[in-house]
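Student: One structure, as structure tokens, below. Some questions next.
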Amino acid sequence: MTRPFDIGQALQAGWEAFAREAVPLVVGTIIYVLVVALSLGLLAGPMTLGLVDMAMRAVRGERLEIGDIFSGFNRFGPSFLLTLLLFAGVAIGTILCVLPGLFLGIAWTWSFFYMAAGDSDPVSCLKRSYNLTLENLGAVIVFLLVGYILQYAGSLVAIGSLVTMPLGYAMMAAGFESATSRETPLPVV
């Protein structure tokens, strides 16, 4: 059972987490972009998991280190498989008709957040993300639109995305934590 998204609370909590841990989040984002680009996307899974894990820990008030960006490599296999499943599902949905791909992209937004919260089964992460999105569809769409506007604003300035990307992840982490706080937690592996 999830709680409804409180967009205002998530934006505020995400901003506060980002402000407290701006340096490791921004430097981690730079490393993320470089590693994913240099690996031609092959390392996107563990790097995304590392960035999501950093954002979630920042929201919980934990101290971060720049090297935390590599924490996703502890679950390389599951994060790599999750990336493949996400890509394949969205690509096939887009090829068939754009809307199914767009819907799956939205519905599976929270998959890496579930993995960072301890679920190591990629299929379970996709299912749980799908259910969370359907239970809060309107709020999730508004929440993601706010995030996309934030990202767009950041992209207008040469290095703006280096701030808006980790800020967006922190805001998503705050929304995820708030919406899933009544779910049964999984042990982190």
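Each value in this text was obtained by applying a stated rule to the coordinates, not by laboratory testing. Source: prediction; values computed, not measured. Quick reminder, even Gly has a Cβ in these numbers, built from the backbone with ideal geometry, and neighbours come from all protein chains shown.
Student: State to the nearest 20 debye the size of the charge dipole of the chain about its Cα centre, where the only charges are +1 on K and R beta carbons and -1 on D and E beta carbons. Can you show the working numbers first?
Tutor: Working: 9 positive and 12 negative charges, 26 e Å.
Dipole about the Cα centre, nearest 20: 120 debye.
Student: Between E16 and C97, what is the label-point separation in nm under the 7 Å Cα-to-beta-carbon projection?
Tutor: Roughly 4.4 nm, to one decimal.
Student: Another question about this same structure. For A37 paired with A158, estimate the spin-label separation in nm (one decimal), with each label point 7 Å from Cα along the Cα-to-Cβ line.
Tutor: According to this spin-label approximation, the distance is 1.4 nm.
Student: Label-point separation (nm) for I149 and V23, each offset 7 Å from Cα along Cα-to-Cβ?
Tutor: Here the modelled spin labels are 3.3 nm apart.
Student: Once the piece of chain linking A88 and I141 is laid out straight, how much longer is it, given 0.36 nm per residue of separation minus the C-alpha distance between them?
Tutor: On the way: separation 53, 0.36 × 53 = 19.08 nm, distance 2.19 nm.
Fully extending the segment from A88 to I141 adds 16.9 nm.
Student: If you don't mind, there's one more thing I want to ask. What Kirkwood hydrodynamic radius do you get for the range 1-98 when you take the inverse of the mean 1/r over all pairs of distinct Cα atoms, in Å? Before the final figure, lay out each step's value.
Tutor: Working: mean 1/r = 0.0674 Å⁻¹.
For the range 1-98, inverting the mean 1/r across all distinct Cα pairs yields 14.8 Å.
Student: Using the eigenvalues of the Cα gyration tensor, what equivalent ellipsoid semi-axes result for the range 94-189 when each is taken as the square root of five times the eigenvalue, whole Å, largest first?
Tutor: Details: eigenvalues 110, 66, 32 Å².
The three semi-axes for the range 94-189 are 23, 18, 13 Å.
Student: Counting other Cβ atoms within 10 Å, keep those with at most 14, restrict to DSSP loop, and tell me which GluC sites (Glu not before Pro) in the range 1-108 are left. Before the final figure, lay out the partial values.
Tutor: Numbers: sites: E16, E21, E62, E65; in loops: E21, E62, E65.
Sparse-neighbourhood loop GluC sites (Glu not before Pro): E62, E65.
Student: Restricted to Cα positions, what overall size does the range 7-180 have along the principal axes? Three whole-Å values, descending.
Tutor: The Cα atoms of the range 7-180 stretch 41, 34, 33 Å along the principal axes, largest first.
Student: Still on this structure: Give the range of the longest stretch in the chain that excludes all trypsin sites (Lys or Arg not before Pro) found in loop regions by DSSP and having at most 12 other beta-carbon atoms within 10 Å. Show your work: numbers first, answer last.
Tutor: Numbers: sites that count: R60, R63, R182.
That gives 64-181 as the longest site-free run.
Student: Can you give me the Cα centroid spacing of the range 127-160 and the range 1-64 in angstrom?
Tutor: Using only Cα atoms, the two centres lie 14 Å from each other.
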